2 protein chains.
Amino acid sequence: MNTFTNRIPTNRIPDATVRRFSLYLRYLEDFGRSGISNVASGVLADRGGTTAAQVRKDLSHLGSVGKRGLGYSVPALTRVLRTVLGLDSTWRVALLGAGRIGTALFEYEPFRRRGFNIVTVIDNDPCKVGSRLGDVRIRDEKGLQCVLQEDGIDLVIVAVPARVAQSLVDRVVAAGVKAVLNYAPVQLRVPDDVALRNVSMLVELESLSHALTRSRQ
Amino acid sequence: MNTFTNRIPTNRIPDATVRRFSLYLRYLEDFGRSGISNVASGVLADRGGTTAAQVRKDLSHLGSVGKRGLGYSVPALTRVLRTVLGLDSTWRVALLGAGRIGTALFEYEPFRRRGFNIVTVIDNDPCKVGSRLGDVRIRDEKGLQCVLQEDGIDLVIVAVPARVAQSLVDRVVAAGVKAVLNYAPVQLRVPDDVALRNVSMLVELESLSHALTRSRQ
């Protein structure tokens, strides 16, 4: 059985590997719920649409590996991946924008289950300010920097129109927030010490229309 | 100036490249609106957070390249990327699931602007069936296969709970649909001739919590 050191690696893990860690963790949790205690790299690969070699390479970032051929311990690997992905902590999240996308994200239950707690919601629509999204009162953007600091926000989700996104994010950065998840359809600029992920809802759809176009030629 | 052949390549373009094509197209459309007629690979790279070499490699999939050093023609490259991404056509899309995520996707204006028309909405909630989402009447899942065929659906967006997603997708595949965009938090299985993209709303968030955890060590 492969084992893992308790020490979490401090070397940089490639983004694509970290993304696959999220998927592996989801599969491992499924296996755990089904009472499966060991899993081979090939099984993880099959679930994730990748190769066993890729799984082994990804997991080699997590430290020492034990006996070959017996697979990975499901509980041990689950634990290590949770730690590496920062899921031992809970995170205080602010949502900027309480429109359709923002509201859907707010109510997306898996976020909370993973420890991402949206404790602050900001919107500049005077009709929304003061009303509630779940148990959170929607606040005006005026005091944004103070609010983010007072609420101890770790991570901001941007779900505002493209034209206002950069100026808001500049204020988020000035407030000292170090992680931004951007759903606005615009490329944002942040300093190097701020982690930024852009989610484009069009990219996946366009990769499908590309596939359809190819298959019909 | 670099030029492109009119012939669209039939060789397989890597998924990561196709995803970057979506981003390049967005930037090119911005440049076009600003009246910029030529753009260097370095400028595209800068906007997209990648390298000029990567941009040139990606665009080399699009055929012959003209004079070096003068950059790409914004209108010509826009046109070719639109064609390669299948955006010269309009696509008939069915949305499975009219919950929070489904509704947000339905109302996401850029989908329509790109030619992805959600013409069919299916939900199994009897309180929703018969009511309208925009100008589309929500239909029951019972006649799913017939509905997809009658409506001439090209592409299906799955926004239903994880436990019902696979059985629904099996019926989507049986109806002959060749492209599936999956928002359900489960890995779906489809035959090789069906294009599938999974969108996990957790993957990006977990890659940020990973970055935060690393930076705090």
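Placing +1 on each Lys and Arg Cβ and -1 on each Asp and Glu Cβ, with no other charges, gives chain B a dipole about its Cα centre of roughly 700 debye. Every Cα-Cα pair in chain B was counted, and those over 22 Å apart are 59% of them. Partner shielding of A:100-107 amounts to 5, given as the average count of beta-carbon atoms from other chains within 10 Å of each residue beta-carbon.
Contact order for the range A:59-217, expressed relative to its length and based on alpha carbon pairs under 8 Å spaced 6+ residues apart, stands at 17 percent. If you wrap the tightest convex hull around every Cα atom of the protein assembly as shown and split its volume per residue, you get 163 Å³. Its DSSP H runs of at least 4 residues, each contributing -39,500 (n - 2.57), put the calculated 222 nm mean residue ellipticity of chain B at -13000 deg cm²/dmol, to the nearest 500.
Computed from phi, the 3J(HN,Hα) profile of the range A:26-41 under the Karplus parametrisation 6.51, -1.76, 1.60 (θ = phi - 60°) reads 4, 5, 4, 5, 4, 4, x, 5, 8, x, 7, 9, 10, 9, 7, 4 Hz, with x in place of Gly and Pro. Among chain B residues, the one whose Cβ is nearest the axis of the rotation from B to A, given with its distance rounded to whole Å, is B:104, 2. Applying the Karplus relation 6.51 cos²θ - 1.76 cosθ + 1.60 with θ = phi - 60° to the range A:103-119 yields 3J(HN,Hα) values of 5, 4, 5, 4, 8, 6, 4, x, 4, 4, 4, 8, x, 9, 9, 7, 9 Hz, where x marks Gly and Pro.
With the simple spin-label model, which puts each label point 7 Å out from Cα in the Cβ direction, the residue B:163 to residue B:30 separation comes to 4.4 nm.
With a cap of 12 neighbouring Cβ atoms within 10 Å, and only residues DSSP puts in a loop, list the GluC sites (Glu not before Pro) found in the range B:53-158.
Listed in order of number, the matching sites amount to none.
For residue B:40, the distances from its label point to the matching points in the remaining copies are 5.3 nm, ordered from shortest, with each point set 7 Å beyond Cα toward Cβ. Normalised by 2.2 N^0.38 Å, where N is the number of residues, the C-alpha radius of gyration of the range A:154-217 stands at 1.42.
Here residue A:128 is the anchor, and the aspartates and glutamates within straight C-alpha reach of less than 15 Å, apart from those fewer than 8 places off in the same chain, are A:140, A:141. Taking trypsin sites (Lys or Arg not before Pro) across the range A:11-111, the ones in a DSSP loop with at most 11 further Cβ atoms lying within 10 angstrom of their Cβ are A:12, A:67, A:68. A 1.4 Å probe run over chain A, with the rest of the protein chains in place, finds 45 Å² accessible per residue. Taking chain B as a Gaussian network, where each spring joins two C-alpha atoms under 10 Å apart, which residue of B:101, B:118, B:153 fluctuates the most? Result for chain B, Cα springs under 10 Å: B:101 fluctuates most.
The trypsin sites (Lys or Arg not before Pro) found in the range A:126-217 that occupy coil by DSSP, while having at most 15 further C-beta atoms within 10 Å, are A:142, A:189, A:216. Expressed as a whole percent, the accessible surface of chain A that belongs to carbon and sulfur atoms is 50, based on a 1.4 Å probe.
For the segment B:191-203, counting C-beta atoms of other chains within 10 Å of every residue's C-beta and taking the mean gives 5.
Charged side chains reduced to their Cβ positions (Lys and Arg at +1, Asp and Glu at -1) give the range A:119-187 a dipole of some 120 debye around its Cα centre. The mean number of partner chain beta-carbon atoms within 10 angstrom of a residue's beta-carbon across peptide B:21-32 is 3.
The values are calculated or read from the model by the stated rules, or taken from the named source; none is laboratory data. Here the structure is a predicted model, which is why all the values come from computation and not from measurement. Here the Cβ is made from the backbone with ideal geometry for all residues, glycine too, and neighbour counts use every protein chain on show. Surface accessibility is based on the protein's heavy atoms, side chains included, excluding ligands, DNA and RNA. Shrake-Rupley method; radii C 1.70, N 1.55, O 1.52, S 1.80 Å.
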